[in-house]
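Structure, as structure tokens:
The values are calculated or read from the model by the stated rules, or taken from the named source; none is laboratory data. Computed from a predicted structure; not experimentally measured. Positions of Cβ are generated from backbone atoms using ideal geometry, with glycine treated the same way; all protein chains shown enter the neighbour counts. Accessible surface is based on the protein model in full, side chains and every heavy atom, while ligands, DNA and RNA are left aside. Shrake-Rupley method; radii C 1.70, N 1.55, O 1.52, S 1.80 Å.
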Amino acid sequence: MEFAHDELPANNLERLPISDPADKVDLRVGVINSVTKHPEADKLLLLSVDVGEGAQSTAAERRYRTIVSGLADYYSPEQLTGKMIVLFANLKPRKLRGIESQGMLLAASSVGSNGDAVRVEV
């Protein structure tokens, strides 16, 4: 067990363990099953993602996660359907413009000289 030097108490009798923030992250690979435009937001897409939950069940019983994502300016629904993505699976579900998002996908972007994203990769 490692200890951070600045976390040691003054009397040095009790040592505090270092916790690794990565231990709390649940990253999963999923396949985008379908994509629709958000009914109330032009920049948001609704992704139905299969992350293998209920994988032993039939397709009708399989559980898909709904992910609300701000990718509409960069991808069409057709470009994302069938794509494999990485997502944070253990975030608390959150409503975005009235629709519950059950995770967050990871994406990377290139930034232009004006500070705007010029390319986004999922």
Working with all protein chains in place, sort Lys92, Lys37 by solvent-accessible area computed with a 1.4 Å probe, largest first. Lys92, Lys37
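Return the carbon/sulfur percentage of the accessible area of the range 52-122, one whole number, probe 1.4 Å, all protein chains in place. Please report the intermediate quantities before stating the final value.
Values: 2270 of 4650 Å².
The C+S portion of the solvent-accessible surface of the range 52-122 is 49 percent.
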Would you please give the FRET efficiency between Glu100 and Gln79, computed as 1/(1 + (r/R0)^6) with r the Cβ-Cβ distance and R0 = 25 Å, to the nearest 0.05? 0.55
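Rounded, prolate or oblate, given the Cα gyration tensor of the range 25-118, with a/c below 1.5 counting as rounded? Display every interim value, and only then the final one.
Numbers: a/c = 1.78, a/b = 1.64, b/c = 1.09.
Prolate, since a/c reaches 1.5 and a/b exceeds b/c.
Mind giving me the FRET efficiency for Arg63 and Ile18? R0 is 30 Å, r the Cβ-Cβ distance, nearest 0.05 is fine.
So, using R0 = 30 Å, E works out to roughly 0.25.
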On average, how much accessible surface per residue is there in the range 28-113, in Å², for a 1.4 Å probe, leaving out ligands, DNA and RNA? 61
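Please give the length that would be gained between Ala107 and Val31 if that part of the chain were fully extended, namely 0.36 nm times their separation in residues minus their C-alpha to C-alpha distance (nm, one decimal). Display every interim value, and only then the final one.
Working: separation 76, 0.36 × 76 = 27.36 nm, distance 1.46 nm.
Taking 0.36 nm per residue and subtracting the Cα distance, the gain is 25.9 nm.
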